[in-house]
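So the structure is just underneath, and the comments pick up after that.
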Number of protein chains: 2
Amino acid sequence: MRLSRYFLPVTKETPADAQIVSHKLMLRAGLVRQTAAGIYAWLPLGLKVLTRIEQIVREEQDRAGAIELLMPTIQSADLWRQSGRYDAYGPEMLRILDRHQREMLYGPTNEEMITLLFKDGARSYRDLPRTLYHIQWKFRDEVRPRFGVMRGREFLMKDAYSFDLDEEGLKQSYEAMFVAYLRTFARMGLQAVPVRAPTGPIGGNLSHEFHILADTGESALFYDAAIDEVTREELLSADASTITRLTDLYAMEEEEHAKVETCPVPAERLRTRRGIEVGHIFAFGTKYSASMGLSVQTKEGGQVHPHMGSYGIGVSRLMGAIIEASHDENGIIWPESVAPFQVGLINMRADDAGCAEAADRLYERLREAGIETLYDDRDERGGAKFATMDVIGLPWQLIVGPKGLEKGVVELKNRATGEREELSVESALARLVG
Amino acid sequence: MRLSRYFLPVTKETPADAQIVSHKLMLRAGLVRQTAAGIYAWLPLGLKVLTRIEQIVREEQDRAGAIELLMPTIQSADLWRQSGRYDAYGPEMLRILDRHQREMLYGPTNEEMITLLFKDGARSYRDLPRTLYHIQWKFRDEVRPRFGVMRGREFLMKDAYSFDLDEEGLKQSYEAMFVAYLRTFARMGLQAVPVRAPTGPIGGNLSHEFHILADTGESALFYDAAIDEVTREELLSADASTITRLTDLYAMEEEEHAKVETCPVPAERLRTRRGIEVGHIFAFGTKYSASMGLSVQTKEGGQVHPHMGSYGIGVSRLMGAIIEASHDENGIIWPESVAPFQVGLINMRADDAGCAEAADRLYERLREAGIETLYDDRDERGGAKFATMDVIGLPWQLIVGPKGLEKGVVELKNRATGEREELSVESALARLVG
């Protein structure tokens, strides 16, 4: 993409309510703009990152055998009355009257709807187990939206729902999602700590939260230092034994930790860090299948209410969490897996015909090789171009200038390490095309 | 995908309110389920088609140079007060009060929001021209939602907005979108008739609707038979001259046609068909840039309000339109470009080890070749399997049965023509892998 034809409103100033670094950087890098309290528009660069995060989430759901569908954002209040949650849910539910004065709501989650859809489609034990998921916008009417997309009101969530014949099956479905979560966050370059969670308004008996460690996290975590020793490779090849190993290690949110009489972790191994919750999984059994009248025929001819679980990931929140975990004083440092472009190509002198021709040619070759490239072909000062590339945080910067061209070289900069190297055009291309 | 692990609730009965064939077939084929009046959940097979339609729309927008972003579904009423449309828009706007009693709404369209976003990011003539688009859920609170996803309340729309320095630029942006629309519909196997449209509440001075011809369309069209002679190839390579040729040909909606004193088309060449509106483009000039205070600096140092256009495609409605245009008495016939799977593989005898082994092997080979295949490996009667494959309308059916295997052959059926052929496994694979 040529920057001269793109829409990338980078900015230096950020409003006073942008307190945390990810919020500031998302505004400065032109990723999002707030359009109402806690509601954001995703500008082109931000949408690219969001789409990549979403795609990693999707691939890991598919890999775990979950099946994608898409439920609507607007639901009827009657649906929620069937489970008893319409009255129980507080003012965070955005309640709506349509033109016929029917009570509707903007879905904050979808247990009721998926239960009815599954009831419509499943008859017998042959139709189980199944895990269904969707990636859809949700609305929670936070009293005080803050921290940019981290605690927005309209947000993108992946929510999956599993249906099993019995508790043992539910345990397996729960573990498959647990593995998918470990892989999902590891692929984004994040260290996620699974924390045994008390079950909230969704109800149930087994639940874990996944927290990304970051100083600006809203939760205080207490955990065994051994968790920090689990490697990315172990997480990417996680299986049931990885879960056992991880969940055997102590990890608690402050509130729960305070209730523990004797902490099992020796003081020198107890870590205290702040965490951002990016995932939450629940095994809640028959709560919704029973209340919504979902039952299926067993092999023996009886009827059972399927045992269910639900599994959420905050897709839009993850963008904030990744930035909290990966930035420096100059801007964002995107992990390659979610970077909006892999390479930022800078022509230092757009007014120099030789530079322009060399940069144009490099751009063509990168495109031909399938490397997503943002090409700063604008007639601007080099310093401004560097600052823009640093703040938007593409993994590689490829810099074409008149002095280098005289020597037959271009400069390749690694955004994460800051390392710069002079290379011939061919070597630079070989490095990037890999 | 193995059907034994998928979620595909096909059904024979459809509710009485499903009057038109696309609505009936979308329910029968397990593509969608209604979850509230005019609001649908997209089941796995339906989501796959929706995603393919969306992707064709996206590719043609990108090809035309439009830049994708994503605006939220919920907007503030204040935004719409700035253009004066909040009070002008009727009861089709879903109006919402949040917990702080602030007036919000579920966006039916995005002219106001995009104008403010562009105002935030564009300063001078260098930032123009630009066309920005998004593909997002909209809500229009239809008084009587009907015809399934064709006139639903929550629907997926692509809306693009162009910003130009002057009228001549706007004309070029309008033409680029016109070409994109011709290509988009042609790629989906549809014949779209562009009809000069009177401008509605969005305002403006130049507008075309794109109608898919189908007996169940809501609009009656009168047009020159020469439009039917434009070939798919011409549409796929459309340029400004194609537009001139098409728009020079007479095409009117009934209401406008009735106002014409002397129809320029001789009676023998005047066609009357019903149409489904799937796209609508407007050039409206400075209506929003002026009312929302968007101006940019010109090359000469002055300030101008950009000339704008907006360009919509009903993405979810297109699914209904495609089915209206392409089905038979047994079910849907998907054009290859939007088919949820390319091949339906049927094992006629899941209880026969030889059949199962042969079908499993075919499935693996198709997967390895990257052919998306729905594999009916269930223990069901052959007749039921044929009926399911016919109703869901995949382009090809590959049938493995014990008699054929004895002769070393499988059967390949073309869903559109109904043609069946006995072929060796290798020949069948070669045919499908192409």
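Taken together, the values in this text are just the output of simple stated rules run on the coordinates, not laboratory data. Just so it is clear, the model here is predicted, and its values are computed rather than measured. Reconstructed Cβ throughout: ideal geometry from the backbone, glycine too, with neighbour counts over all protein chains shown.
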Each label point is 7 Å from the Cα along the Cα-to-Cβ direction; what then is the distance between the points at A:R245 and B:R245, in nm?
6.6
Please identify the GluC sites (Glu not before Pro) of the stretch B:10-63 that satisfy two criteria: DSSP loop assignment and at most 10 other Cβ atoms within 10 Å. Which are they?
B:E13
Length gained if B:V143 through B:A258 is fully extended, taking 0.36 nm per residue and subtracting the Cα-Cα distance, is 38.7 nm
Suppose R0 equals 56 Å; then what is the FRET efficiency for A:A267 and B:A387 from their Cβ-Cβ distance, rounded to the nearest 0.05?
0.25
Label-point separation (nm) for A:A88 and B:N414, each offset 7 Å from Cα along Cα-to-Cβ?
5.7
Among A:A220, A:A384, A:A251, the residue with the largest mean-square fluctuation in a Gaussian network model of chain A built from Cα contacts under 10 Å is A:A384
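Give the calculated FRET efficiency between A:R367 and A:K12 to the nearest 0.05, with a Förster radius of 30 Å applied to their Cβ-Cβ distance.
Rounded to the nearest 0.05, the efficiency is 0.45.
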Normalised by the residues of chain B, what does the relative contact order come to in percent, with Cα pairs under 8 Å and at least six apart?
17
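Where the only charges are on Cβ atoms (+1 Lys, Arg; -1 Asp, Glu), what is the dipole of the stretch B:3-331 about its Cα centre, to the nearest 20 debye?
It comes to approximately 1140 debye.
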When the convex hull of the Cα atoms of chain B is projected onto a plane and the area is averaged over all directions, what value comes out in nm²?
24.7
Shortest first and in nm, the label-point separations between A:G383 and its counterparts in the other identical copies (7 Å out along Cα→Cβ) come to 8.3
Return the FRET efficiency for the residue pair B:E59, B:E103: r is the Cβ-Cβ distance, R0 is 25 Å, and the value is rounded to the nearest 0.05.
0.10
For A:P198, place a label point 7 Å from Cα along the Cα-to-Cβ direction in every copy; what are the distances to the other copies, in nm, shortest first?
6.4
Applying the gyration tensor rule to the Cα atoms of the protein assembly as shown (axes a ≥ b ≥ c; rounded if a/c under 1.5, else prolate if a/b exceeds b/c, else oblate), the class is rounded
For B:K24, go through the lysines and keep the ones whose alpha-carbon is under 22 Å away, minus same-chain ones fewer than eight residues off.
A:K119, B:K12, B:K48, B:K385
Using 0.36 nm per residue of separation minus the Cα-Cα distance, give me the extension gain between B:D120 and B:D351 in nm, one decimal.
76.7 nm
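Would you calculate the convex hull of the Cα atoms in the stretch B:341-433 and tell me its volume per residue in Å³? Each step should come with its number before you reach the end.
Values: hull volume 7.5 nm³, N = 93.
About 81 Å³ per residue, rounded to a whole number.
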Taking chain B and counting helices only, DSSP H stretches of n ≥ 4 at -39,500 (n - 2.57) each over all residues, the nearest-500 ellipticity at 222 nm comes to -10000 deg cm²/dmol
Here the residues of the stretch A:157-194 lying in the modelled label zone of A:E300, meaning backbone nitrogen under 17 Å from a point 7 Å along Cα-to-Cβ, are A:165-169
Among the aspartates and glutamates, which have Cα under 15 Å from the Cα of A:K287 when same-chain residues fewer than 8 positions away are ignored?
A:E111, A:E112, A:D164, A:D166, A:E167
Pairwise label distance in nanometres, B:D78 with B:A290, each label 7 Å out on the Cα-Cβ vector
2.5
Which whole-number percent is the relative contact order of the stretch A:343-433 (Cα, under 8 Å, 6+ apart)?
31
